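Structure, as structure tokens:
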Amino acid sequence: MDKHNSSGPALRRSLLFTPGLRTDRYAKALSGAADMVCIDLEDGVAPDFKIEARDKAIPALFDAALGGGAARAMRINPIKTQIGMRDLLALCDFGSAPPALLLPKIESPEEVRWVAEILDEAGYAPTRLMVIIETGRALEAALDIAAASSRIDTMLFGAADLSAEFGSTLDWEALHYARSRAVHAASSAGLDLIDVPSLDIKDEEGLKREARLAQRMGFTGKAAIHPIQVPPINEIFSPDAETIAFARRVIEAYEESHAGVALLDGKVVEMPVVRAMRRALAIADKIAAGTQ
Ligand code: GLV
Ligand code: MG
């Protein structure tokens, strides 16, 4: 079901949201280029349709006949609400471990630990967790949330809810501090960090600009709300041939030097540069493993 886990480590450049109620869209989403597809029971579903969406989406999450190679995830409703708690319990009653759950509106590490304990109790050891940082409290507690459970492998930056709470615009500058804080928290716990989807589906240039800015800040991927957004996201979050070639040269020069420092093209290469280059190569290796 998950090409990335079956043939190599997980690749998380793109996460495509698909609305829970629209089961007719799942197969297309899963067979596209997205590294992850997240069936959404939260803001992608109107309040009156939450139960219908849950009833349809949970069996579909496990339906191998839908095919596709993307890793599957489900965004449940906030765990502090009745509807969110019922989403989680319905998944427990279903009897199969969901591959990954995306937890919105998380505000403390305790909330993540409750979810992890409920999953433990259900015997769902394989289920991974992703957390969305999208409230002021979450931003404050982001370091602790990131480290709350070994099940967490990914953090999302929820700019839409955060800007609504701040009373700010969604402009890049308005949320720069918040994004920096998310980078700090996610990297401290070794998590992948996915940026908010761009809401203007027709604005490809805007999407690319935002994706590049996020990539430069340390984000490892970006979410999408339409399949058309996925290819540019994947491209921007993949090291290009030039970067890969340079990374190999850096590492070679460093390893040959035996002195903890090397000179390449007139520039000093020390351990931090090597670490950054190893990181780029690790992503390139994951991409190669996923496409073999
Ligand atoms: C995502 O959930 C957001 O609020 O941006
Ligand atoms: Mg949100």
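The values are calculated or read from the model by the stated rules, or taken from the named source; none is laboratory data. Keep in mind the model is a prediction, meaning the values are calculated, not measured. We place every Cβ from the backbone using ideal geometry, glycine too, and count neighbours over all the protein chains shown. Protein only, heavy atoms only, side chains kept; ligands, DNA and RNA dropped before computing areas. Shrake-Rupley method; radii C 1.70, N 1.55, O 1.52, S 1.80 Å.
Each residue of region 196-201 is assigned a 3J(HN,Hα), and the resulting list reads 4, x, 7, 7, 8, 4 Hz, derived from the Karplus form 6.51 cos²θ - 1.76 cosθ + 1.60 (θ = phi - 60°), x at Gly and Pro.
Note on the chain: GNM, Cα springs under 10 Å; of His176, His184, His226, the largest mean-square fluctuation is that of His176.
Considering only protein heavy atoms and a probe of 1.4 Å, how much of the accessible area of region 210-271 is carbon and sulfur, as a whole percent?
Details: 1900 of 3580 Å².
About 53 percent, which is the carbon plus sulfur part of the accessible surface.
Here the ratio of the Cα radius of gyration of region 35-92 to 2.2 N^0.38 Å is 1.12. Here the accessible area is traced with a 1.4 Å probe on the protein chains. For region 42-190, carbon and sulfur cover 53 percent of it. In this label model, Ser150 and Trp114 are separated by 2.4 nm, measuring between points 7 Å along each Cα→Cβ vector. Treating each Cα of region 241-289 as an identical point scatterer and summing with the Debye formula, the log10 of I(q)/I(0) at q = 0.14, 0.16, 0.27 Å⁻¹ comes to -0.32, -0.41, -0.98. In this structure, the amide hydrogen of Leu264, modeled 1.01 Å from its nitrogen in the peptide plane, lies closer than 5 angstrom to those of Val269, counting only residues at least 5 positions away or on a different chain.
In square nanometres and to one decimal, what's the mean projected area of the convex hull around the Cα atoms of the chain? Kindly include the intermediate steps, with their values, before the conclusion.
Values: hull surface 65.0 nm².
Result: 16.2 nm².
So if I place +1 on the C-beta of Lys and Arg and -1 on the C-beta of Asp and Glu, and nothing else carries charge, what would the dipole magnitude of the chain be about its Cα centre? I want it in debye, nearest 20.
Working: 33 positive and 42 negative charges, 88 e Å.
I would put it at about 420 debye.
Per 0.36 nm of contour for each residue apart, how much would the distance between Lys202 and Ala282 grow if the chain were fully extended, relative to their Cα-Cα spacing? It would help to have the intermediate numbers written out before the result.
Values: separation 80, 0.36 × 80 = 28.80 nm, distance 3.23 nm.
Stretched out fully, the Lys202 to Ala282 stretch lengthens by 25.6 nm.
Normalising by residue count, region 81-150 has a Cα convex hull of 73 Å³ per residue.
Using a probe radius of 1.4 Å on heavy atoms only, what accessible surface per residue do you get for the chain? Whole Å² is fine.
Numbers: 13970 Å² over 292 residues.
Counting only protein heavy atoms, the per-residue value for the chain is 48 Å².
The phi-based Karplus calculation (6.51 cos²θ - 1.76 cosθ + 1.60; θ = phi - 60°) puts the 3J(HN,Hα) values of region 222-237 at 9, 7, 9, 10, 8, x, 5, 7, 5, x, x, 5, 4, 5, 5, 9 Hz, whole numbers, x for Gly and Pro. The amide H of Asp35, built 1.01 Å from its N in the peptide plane, has Arg13, Ser14 as neighbours under 5 Å, considering only residues 5 or more places off or on other chains. Axis of helix 204-217 versus longest Cα principal axis of the chain: the two differ by about 60°, to the nearest ten degrees.
Across region 92-101, computed HN-Hα scalar couplings (Karplus, 6.51 cos²θ - 1.76 cosθ + 1.60, θ = phi - 60°) run 5, 5, 4, x, 10, 5, x, x, 7, 10 Hz from first to last residue, x flagging Gly and Pro.
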